[in-house]
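Engineer: Next up is a structure, given as structure tokens.
The values are calculated or read from the model by the stated rules, or taken from the named source; none is laboratory data. Quick caveat: nothing in here was measured; it's all calculated off a predicted structure. For neighbour counting, all protein chains shown are included, and Cβ atoms are generated from backbone atoms with ideal geometry for every residue, glycine included.
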Amino acid sequence: MATPAVPPSLSTGTLAFIGGGNMARSLIGALVRGGLPARAIAVAEPHADTRAALVRDFGITVHAHAADAARGADTLVLAVKPQVMHAVCGEIAAGVASARPLVISIAAGIRMDQFARWLGADTALVRVMPNTPALIGAGAAGLIASATVSAAQRERAAAILGAAGIVAWIEHEPLMDSVTALSGSGPAYFFLLVEALVDAAVAQGLPRDTACALAAQTCLGAGRMLVEGGESAATLRERVTSPGGTTAAALDVFAQGDLRGLVARAVAAATRRGGELSALFD
């Protein structure tokens, strides 16, 4: 997937990442490849080895402490684990109150009302649920903005996350738990299906390396058809399913096992768990 060029909404100002882990690296890499100058990006990361790797790979500015990276930035991306978010917000709260930057959180489970308590009720906040395919520029991110976020800031947030995939705005925060259950956790469901396909093919006599290669390429090709072809999953499924054929025989077994009901229950369970995890940070 080609990296999109950085839009004009990111051509000015500075961007600070608090946390330099995998998701931050994916966004930084996409932004730099898209044309954002490395000098416009700063990162706070407590681990010296990670800081050194960020400088080596991207030429950006790094700091050991969050407050140092945040100083002077007009956009902050909070990319730390939810368990340490409260402490991080305590370190940057004074700077956020004085500089009034756009704050983007990619931490799962932390609600906007919690950030409002930790950073101030007038903080311009965008909460994001990304997913791991962002690491290869094929991510899917759900975003929701607080009422204090301007139109220009919404555009800026979408440009930052859009550098590593697609974005979709959500209007009601409780639906972020559904986004988490769909696209946040979704890659794991997909990988489980591929595991099951490979094991089933091996049971039918295929060598495992052959089964892995065919399954992976089949899923890649099907995904590209869905994304690039402009037709629904139902239409594409019907097109490959001949009455009385091999695909129909397999789909009949899925129906007998209530695949749709099983998926619905799994997504509902993930959605419920997302709400439970949010409550842990109150």
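Engineer: Restricting the search to the stretch 42-96, which residues are of a type in the set (D, E, K, R) and closer than 26 Å to Glu155 by Cβ?
Structural biologist: Arg71, Asp74
Engineer: How many of the residues in the stretch 172-204 are outside any helix (DSSP H, G or I) and either in contact (Cβ under 8 Å) with a residue 60 or more places away in the chain or touching a Ser or Thr at 6+ places or on another chain (Cβ under 9 Å) (or both)?
Structural biologist: Of the residues in the stretch 172-204, 3 are outside any helix (DSSP H, G or I) and either in contact (Cβ under 8 Å) with a residue 60 or more places away in the chain or touching a Ser or Thr at 6+ places or on another chain (Cβ under 9 Å) (or both).
Engineer: Hey, another quick one. Look through Asp282, Asp252 and report the one residue that is under 30 Å from His86 (Cα atoms) and loosely packed, with under 11 Cβ neighbours inside 10 Å.
Structural biologist: Among Asp282, Asp252, only Asp282 is under 30 Å from His86 (Cα atoms) and loosely packed, with under 11 Cβ neighbours inside 10 Å.
Engineer: Is there any pair linking a residue in the stretch 31-59 that is in contact (Cβ under 8 Å) with a residue 12 or more places away in the chain to one that is hydroxyl-bearing (Ser, Thr, Tyr) and surrounded by 13 or more Cβ atoms within 10 Å (Cβ to Cβ), with Cβ under 6 Å and at least six apart or on different chains, and which?
Structural biologist: So the pair list comes out as Arg33/Thr3; Gly34/Thr3; Ala40/Thr14; Ala42/Thr61.
Engineer: Output yes when any residue across the stretch 84-102 is part of a strand (DSSP E or B) and touching a helix residue (DSSP H, G or I) at 6+ places or on another chain (Cβ under 8 Å), and no when none is.
Structural biologist: yes
Engineer: Related question: Within the stretch 86-101, can one find any residue that is closer than 26 Å to Gly184 by Cβ, of a type in the set (S, T, N, Q) and in the same structural domain as Ala159 (by TED's automatic domain parsing)?
Structural biologist: no
Engineer: From the list Val128, Val77, which one is assigned to a strand (DSSP E or B) and closer than 13 Å to Ile18 by Cβ?
Structural biologist: Val77
Engineer: Would you pick out the residues in the stretch 35-45 that are assigned to a loop (DSSP other than H, G, I, E, B) and either polar (S, T, N, Q) or at pLDDT below 95 (or both)?
Structural biologist: Gly35, Leu36, Pro37
Engineer: Assess whether His63 counts as being within 22 Å of Arg127 (Cβ to Cβ) and surrounded by fewer than 23 Cβ atoms within 10 Å (Cβ to Cβ).
Structural biologist: So His63 fails the test.
Engineer: Look through the stretch 25-34, keep the residues that are farther than 15 Å from Ala79 by Cβ and touching a helix residue (DSSP H, G or I) at 6+ places or on another chain (Cβ under 9 Å), and return whichever of them is modelled with the lowest pLDDT.
Structural biologist: Gly34
Engineer: Here is a further query. Are any residues in the stretch 249-277 of a type in the set (S, T, N, Q) and either farther than 15 Å from Ser185 by Cβ or assigned by TED's automatic domain parsing to the domain that holds His86 (or both), and if so, which ones?
Structural biologist: Within the stretch 249-277, just Gln256 meets the criteria.
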